[in-house]
Amino acid sequence: MHILLEVLAELVWFVDIYYKELCSERTLQSNSKGFFLTFADYVADQVGEHWIKNKFGKLKNDIERIKCVYESNETQDLVENFLGNVKEIYRPKNGDFSQKRRLEAERFLKQKEYQKALQLYCQSVLRAPKTGSNTKIDSGLSLSLALWGRAQAFIGLKKYSNALCDIQQALKENLPGSYKGQAFWKMGVCYRGLGEDNRAKVSFDLAEKMLHNDEENIKMLNEDRKGIMAREVIKKPNELPKLVKQNDNFPSASEKLSVKTSKDAGRYVIANQDISSGETLVVESPYAACLLPDMFGLFCHNCFNSLETPLGCPECSSVAFCSAACRDEAISTYHKYECKYLDLLIGSGMSILAHTALRMITQNGLEKSLAIRKNRKKEKVYQLCTHSELRPASDFLQRTLMASFLLRCLQKAGFFHDKTEDKVLPSEEQYQIGDMLLFNLQMLQFNAHEVYHAKCDPDKTLKDSQLVYIGVAVYLTTSLFNHDCFPATARYFLGKNIILTAARPLKANDPVPENYGPIFTKKILPDRQRSLSSRYWFKCQCQACIQNWPAFNMGLETATKRLRCPTEKCSKCYTLPLLKESFECSECKKLINLSNKIILLHWCEEQYQVAFQYMDSNQLKEAIDVLTLAIDTFYKIALPPHKATHLAEAMLCICFNHMAVK
Ligand SMILES: [Zn+2]
Ligand SMILES: [Zn+2]
Ligand SMILES: [Zn+2]
Ligand SMILES: [Zn+2]
């Protein structure tokens, strides 16, 4: 991360202060709605600018700041009143609703409208109360009945592996005894559909015994046992790509990368040997990740994979999980604290980064969090930058108030041992957690990554496809990469894991920058500079910025093409068109001939078109192979910017993103 302190010293701050404040505020507050901002503004109003600047602004560290808002005369009552109102707000389970949806679904099931039935069954599953908790409805077995019904819809859709999951889950949730014979019978059907004949036989035999007197059902069972059945083709789950060799110091990174530190650039990543385009550079799971509330119904709350057989939380109706494993992991760690406060937090207008700040604490629990704090000098997460030296006092006050709000939710949710949850004033231990929350709220502004998944739209070609923003995550190794408006990496996500690949070839000692948002081909210089200095507080000095490379359709198509002198280590380049193709290089003084290079440059441009045709016919692997070879060739003979090559790089990134969801 660049730390350009001199930016501050510039007399003309090229960003209007308001825009900067707004951008920083966005990292705390998702939108102008929600009660938190109203509260924070009210506090700022009451204490006045003078106090913020001269008292609060003079505090040395986060623990002093958090203590100050609770204990100083100016803020004490305001904060205590506000936090005193924090209480559980969540969408509870609803047995009536679940039953109603299930009965509707059954009607569609009978009419063989399986897709409609499936949707209703999903709602029924997600709203069903915990097994045994509401015996007035379905004798407390709503969940198992909803799961059982959904399994029938999946069988109708020939999705046998999903059906099998649901039957097994229904049995775990005490499916009534009268259904058990049928359950094993349908399991037999699923196993047959999956080609597991031995298991199918065991299930059918067991079912037959259980159904002993029921001749009609046994007759149908035997038809299922012997009838012709289409096999379900299971698509293998996408596996994370493997690094050719792991880096000793950063196991999620390739051994071909090294981390350097300099005064100007802070920490950054370079190549320590040659790298080809398309090579996998980083495969990393997040330190913490949070799904956007709008995506709660579409992706697993825990792993960000799309939902096939969604399961709910036993208490709230807000979240969904892809599997019992994800559900149990979430509930045994962070979700037990967040569950009943999630809707309050969302209603507060809290940003997803603020949620992630909380998640970094809830996922570790109290003991581990305190241990991390104690060891903060060695913990990687504490080495990530916060720019606290540049942060204005008013921004600090807002963040500290947010930390106190999150801390209050933890107090109420039973995160701490002392169950004096009526007491707002934190204990020493609680202050330490508040201190960590405040650190997280600052650090995430600069180090969180937005997580995107490619959207597969059958009506659109791959080239026009879009990425959907689904959540944010913090990656400890990926955070070490610097920004460049002409990034060397293409990133994509598998679930919540990030994968960085080389977008172009790199030589030993080349910096390997990432991109924090604005790419030069898509955003013009002033817009890029504005968004980077506002959100990330640095002035970008990358090559594309200094030389003001044009964006697509803003002159990039007419940007001059430049060929390298073919002599090794000669840095001279020649702009096309040439007067003659053979001449003496003015730098290395060798006689050179560029005619072959011109032919190769055309070849690259043709290959990009070949790759785009592969993309049109959905042959991603072939497209990637053609693109990477042509991109590597381009950089051997020519210099950026070059429109066709940057378009090819963008397409390479799209290919990787689509491979991930395919
Ligand atoms: Zn999951
Ligand atoms: Zn919950
Ligand atoms: Zn730049
Ligand atoms: Zn030369």
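The values are calculated or read from the model by the stated rules, or taken from the named source; none is laboratory data. Owing to the predicted nature of the structure, the values given are computational and were not obtained by experimental measurement. Ideal geometry is used to build each Cβ from the backbone, glycine not excepted, and the neighbour counts take in all protein chains shown. Protein only, heavy atoms only, side chains kept; ligands, DNA and RNA dropped before computing areas. Shrake-Rupley method; radii C 1.70, N 1.55, O 1.52, S 1.80 Å.
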Original post:
If you go through the range 305-339 one residue at a time, how many are in contact with a Cys (Cβ under 6 Å, 6 or more places away or on another chain), outside any loop (DSSP other than H, G, I, E, B) and either within 12 Å of ligand 2 (Cβ to nearest atom) or open to solvent by 40 Å² or more (accessible area, probe 1.4 Å) (or both)?
Top reply: 3
**OP:** Give just the number: which of (1) open to solvent by less than 10 Å² (accessible area, probe 1.4 Å); (2) within 12 Å of ligand 2 (Cβ to nearest atom); (3) closer than 19 Å to residue 38 by Cα does residue 343 not satisfy?
**Re:** (1)
**OP:** Please tell me if residue 236 is open to solvent by 80 Å² or more (accessible area, probe 1.4 Å), outside the structural domain of residue 209 (by TED's automatic domain parsing) and more than 30 Å from residue 351 (Cβ to Cβ).
**Re:** yes
Original post:
So, of the residues in the range 508-541 that are out of contact with any helix residue (DSSP H, G or I) (no Cβ under 9 Å at 6 or more places or on another chain) and part of a loop (DSSP other than H, G, I, E, B), which turns out to be surrounded by the most Cβ atoms within 10 Å (Cβ to Cβ)?
Top reply: 512
**OP:** Of the conditions (1) surrounded by 16 or more Cβ atoms within 10 Å (Cβ to Cβ); (2) among the charged types (D, E, K, R); (3) out of contact with any strand residue (DSSP E or B) (no Cβ under 7 Å at 6 or more places or on another chain), residue 491 clears all except one; give me its number.
**Re:** (3)
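One line per residue, one yes/no per condition, for (1) more than 25 Å from residue 466 (Cβ to Cβ); (2) free of Cβ contacts under 8 Å to residues at least 24 places away in the same chain; (3) out of contact with any helix residue (DSSP H, G or I) (no Cβ under 9 Å at 6 or more places or on another chain):
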| position | (1), (2), (3) |
| --- | --- |
| 564 | yes, no, no |
| 567 | yes, no, yes |
| 592 | yes, no, yes |
| 595 | yes, yes, yes |
| 632 | yes, no, yes |
| 639 | yes, no, yes |
| 646 | no, no, no |
Original post:
of a type outside the set (Asp, Glu), within 16 Å of ligand 3 (Cβ to nearest atom) and within 26 Å of residue 396 (Cα to Cα): does that describe residue 522?
Top reply: no
Original post:
within 23 Å of residue 534 (Cα to Cα), in contact with a Leu (Cβ under 7 Å, 6 or more places away or on another chain) and not in a helix (DSSP H, G or I) - does that describe any residue in the range 447-455?
Top reply: yes
**OP:** Would you check which residues across the range 68-88 are open to solvent by less than 60 Å² (accessible area, probe 1.4 Å), in contact (Cβ under 8 Å) with a residue 24 or more places away in the chain and either in contact with a Ser or Thr (Cβ under 6 Å, 6 or more places away or on another chain) or more than 16 Å from residue 391 (Cβ to Cβ) (or both) and list them?
**Re:** 69, 70, 75, 78, 79, 82, 83, 84, 86
Subject >> Selection status of residue 165, open to solvent by 50 Å² or more (accessible area, probe 1.4 Å), under 40 Å from the mean Cα position of the chain (by Cα), within 30 Å of residue 321 (Cα to Cα) and touching a residue at least 12 places away in the same chain (Cβ under 8 Å) >> reply: yes
Original post:
Just to be sure, is residue 545 within 16 Å of ligand 4 (Cβ to nearest atom), more than 13 Å from residue 640 (Cβ to Cβ), crowded, with 16+ Cβ neighbours inside 10 Å and at pLDDT 85 or above?
Top reply: no
Subject >> Total residues in the range 397-423, condition open to solvent by 10 Å² or more (accessible area, probe 1.4 Å) and either among the acidic types (Asp, Glu) or under 19 Å from residue 38 (Cβ atoms) (or both) >> reply: 4
**OP:** Could you tell me whether the range 186-208 includes any residue that is part of a loop (DSSP other than H, G, I, E, B), open to solvent by 40 Å² or more (accessible area, probe 1.4 Å) and at negative phi?
**Re:** yes
Original post:
Given (1) farther than 28 Å from residue 496 by Cα; (2) in contact with a helix residue (DSSP H, G or I) (Cβ under 8 Å, 6 or more places away or on another chain); (3) at pLDDT 90 or above, where does residue 277 come up short, assuming only one miss?
Top reply: (1)
